[in-house]
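The next block holds one structure in the form of structure tokens; read it before the comments.
The values are calculated or read from the model by the stated rules, or taken from the named source; none is laboratory data. Treat the numbers as computed from the prediction; the structure is a model and nothing was measured. FYI the Cβ positions are ideal-geometry reconstructions off the backbone, even for glycines, and counts take in every protein chain you see.
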Amino acid sequence: MRVAEVSIEAIHHNVRRISEVTSGGQIIVVVKACGYGHGAVIAAEAAMSGGATMIATADLEEALQLRDAGVTAPLLCWLHGPRVDFAPAISASIEVGVSRLSHLEALAAAAKELGTTATLQFKVDTGLSRNGAAKEEWETLFARGAELEREGLVRVRGIFSHLANAGEEADHAQGEVFDEAVRMLREAGSEPEMIHLAASAATFSRPKLHYNTVRVGLAAYGLSPFVEKTSAQLGLVPAMTLRSEIVALRGVPAGTGVSYGFNHVCEVATTLALVPIGYADGMPRALNGNGAWVTIAGEPRPIVGRIGMDQFIVDVGPLAGRVELGEPVVLFGDPERGYPAIEVWSRLMRTINYEILVGIGPRVIRQAAE
């Protein structure tokens, strides 16, 4: 009754488009937060078969889950707690993003205990003021990394940072800081194979910040990181179609109240369709009464009445008699195919498309489709 259909071909197309934009540079596709709601395994396998260089997650637990599911792609993760055990990462050939000296030492100690070499990428803060080594820590951190490299305990494969997306001037200022970090890393004696600063937004707007690698999330799933530009304008194809079906139909007279609180009353006699997705599945309750709609039988129809935990109601109006139980309902998908764009929801909720995607609940089945 609840399916997030994920187009493998769309992800392939999007990775190819990113490669085109970056002139064939290396592409890291981020599949954190359940692959931005698409299913991490589906997303990872589709991205790699589409031409990605590497897969990334936020934390080690997500990366290990991919390994447990049989994903063999190169993996990177970078958000760690103070007591993290890096041994499982090393054993599973997962690259570790290192942003402080204590984590570097812990990684090297785990590698020594296992009798092997750990692979890492340094993460530096260039102005986002979030995760990443502060500028005053770089010299010590990079020098120690080079020393551990000479000892054979670690391999420094890359360096990266994250933009604040605070405007062109701010982005390029961060780029200058990042350039300094790359220079200092090289002077310390390490030569990074992967240098990445641009995420989805900068991939499509800041070509000078592409370096030799970009690290994308949203764009790989075919959605635009910009309010003022659509997916189609960027040459991307939304990969997810959120579907359900009609499980009940009810003809009602004018004056009928709909769902909790009767905040919608039918002005004329009509037919109401019950659809089994609700706020437990990531459908924001506040969409009610805001003009949100779905597609049924190829036509847009309004959501009416308060959205419940498990279900919502659509006024099918003139479609009465043409639809029956089991009729497909599309909540959002590719607008080029006539479906509601996910941005309909995000605009109504005054949020971003990212939040809608990752809020899709576990009852919704993620299903790969060509």
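Brief remarks follow.
Residues checked against (1) touching a residue at least 60 places away in the same chain (Cβ under 8 Å); (2) of a type outside the set (A, V, I, L, M):
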residue: His196; (1), (2): yes, yes
residue: Phe204; (1), (2): yes, yes
residue: Gly222; (1), (2): yes, yes
residue: Arg243; (1), (2): yes, yes
residue: Val247; (1), (2): yes, no
residue: Pro253; (1), (2): no, yes
residue: Ala269; (1), (2): no, no
residue: Ala280; (1), (2): yes, no
residue: Ile296; (1), (2): no, no
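- The listed residue being of a type in the set (A, V, I, L, M, F, W, C), modelled with pLDDT of 95 or more and surrounded by fewer than 20 Cβ atoms within 10 Å (Cβ to Cβ), out of Ala52, Ala47, Ala58: Ala58
- Each residue in the stretch 129-147 was checked for being at pLDDT 95 or above and closer than 26 Å to Thr53 by Cα, and 5 of them qualify.
- Out of Val294, Val314, sole residue that is touching a Lys or Arg at 6+ places or on another chain (Cβ under 7 Å) and within 15 Å of Val3 (Cα to Cα): Val294
- Any hit, the stretch 229-241, residues being in contact with a helix residue (DSSP H, G or I) (Cβ under 9 Å, 6 or more places away or on another chain), modelled with pLDDT under 95 and under 27 Å from Ala40 (Cα atoms): no
- Test set (1) within 26 Å of Ala10 (Cβ to Cβ); (2) not assigned by TED's automatic domain parsing to the domain that holds Gly127 - Arg215 fails condition number: (2)
- Members of the stretch 208-220 found to be in contact (Cβ under 8 Å) with a residue 40 or more places away in the chain and over 19 Å from the mean Cα position of the chain (by Cα), listed by number: Leu209, His210, Tyr211, Asn212
- The set of residues in the stretch 319-346 that are farther than 14 Å from Pro238 by Cα and in contact (Cβ under 8 Å) with a residue 60 or more places away in the chain comprises Ala320, Val323, Glu324, Leu325, Gly326, Glu327, Pro328, Val329, Trp345.
- Boolean, Ala52 is touching a residue at least 12 places away in the same chain (Cβ under 8 Å), over 22 Å from Ala199 (Cα atoms), of a type in the set (Gly, Ala, Ser) and in contact with a helix residue (DSSP H, G or I) (Cβ under 6 Å, 6 or more places away or on another chain): no
- Test for Arg67: is it more than 19 Å from Gly132 (Cβ to Cβ) and at pLDDT below 95: no
- Residue satisfying all of: in the stretch 180-207; assigned to a helix (DSSP H, G or I) and touching a helix residue (DSSP H, G or I) at 6+ places or on another chain (Cβ under 7 Å); nearest to Thr126 (Cα to Cα) among these: Ala181
- When Ser23 is tested against the conditions (1) assigned to a loop (DSSP other than H, G, I, E, B); (2) of a type in the set (S, T, N, Q); (3) surrounded by 23 or more Cβ atoms within 10 Å (Cβ to Cβ), the lone failure is (3).
- Of all residues in the stretch 347-370, those satisfying the criterion of being without any contact (Cβ under 8 Å) to a residue 60 or more places away in the chain and of a type in the set (D, E, K, R) are Arg347, Arg350, Glu355.
- Hits in the stretch 329-349 - residues which are of a type in the set (Val, Ile, Thr) and in a strand (DSSP E or B): Val329, Val330
- Those residues of the stretch 26-44 which are part of a helix (DSSP H, G or I) and of a type outside the set (Val, Ile, Thr), in sequence order: Lys32, Ala33, Cys34, Gly35, Tyr36, Ala40, Ala43, Ala44
- Test result for Ala47, small (Gly, Ala, Ser), over 17 Å from Ala239 (Cα atoms) and in a helix (DSSP H, G or I): no
- Qualifying residue in the stretch 269-290 (condition: closer than 24 Å to Met1 by Cβ, touching a helix residue (DSSP H, G or I) at 6+ places or on another chain (Cβ under 7 Å), loosely packed, with under 14 Cβ neighbours inside 10 Å and modelled with pLDDT of 95 or more): no
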